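Only the coordinates and a few stated rules stand behind these numbers; no lab work does. Every value quoted in this text rests on a predicted model; they were computed, and no experiment measured them. Virtual Cβ from ideal backbone geometry, glycine too; neighbours counted across all protein chains shown.
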Amino acid sequence: MVVSSSFFAGMSITGFYVGITLALGGLIRSTFLWYTFHGWTYETTHPDAIIKIFEGVYMYRHEENLLQEEETYRMA
């Protein structure tokens, strides 16, 4: 009884998932990089919000309020 006659029959499950990961990994990576770049480009046209976050991190670091510094840093 033939279960599969395609090239998948000779592959292990690990080989199959490694092949899928390598094939789609480049596409997914480039998509995420592209949208991150566009997000930064659009954000820099009105940088007031991100500048305020950086100033907040600096202010909390100067006050030695490490909890608020880390929380503000994570917002960026």
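Since only Y58, G26, G15 are under comparison, the one whose Cα sits farthest along the positive direction of the charge dipole of the chain, derived from C-beta charges on Lys, Arg, Asp and Glu, is G15.
Computed from Cα positions, the angle between helix 13-43 and the longest principal axis of the chain comes to roughly 30 degrees. Here the 3J(HN,Hα) profile of the stretch 56-63, calculated from phi with Karplus coefficients 6.51, -1.76 and 1.60 at θ = phi - 60°, is x, 4, 4, 5, 5, 5, 5, 7 Hz, Gly and Pro shown as x.
Between S6 and A76, full extension at 0.36 nm per residue minus the direct alpha carbon distance yields a gain of 20.3 nm.
In this Cβ point-charge picture (+1 for Lys and Arg, -1 for Asp and Glu), the chain has a dipole of about 580 debye about its Cα centre. Only Cα sites of the chain enter the Debye sum here, all with the same form factor; the resulting log10 I(q)/I(0) across q = 0.11, 0.15, 0.28 1/Å is -0.58, -0.73, -1.14, listed in q order. Note on T14 and I28: the extension gain reaches 3.0 nm, defined as 0.36 nm multiplied by sequence separation minus the Cα-Cα distance. 3J(HN,Hα) along the stretch 68-75, derived from phi through the Karplus expression 6.51 cos²θ - 1.76 cosθ + 1.60 where θ = phi - 60°, amounts to 5, 4, 5, 4, 5, 4, 5, 5 Hz, with x in place of Gly and Pro.
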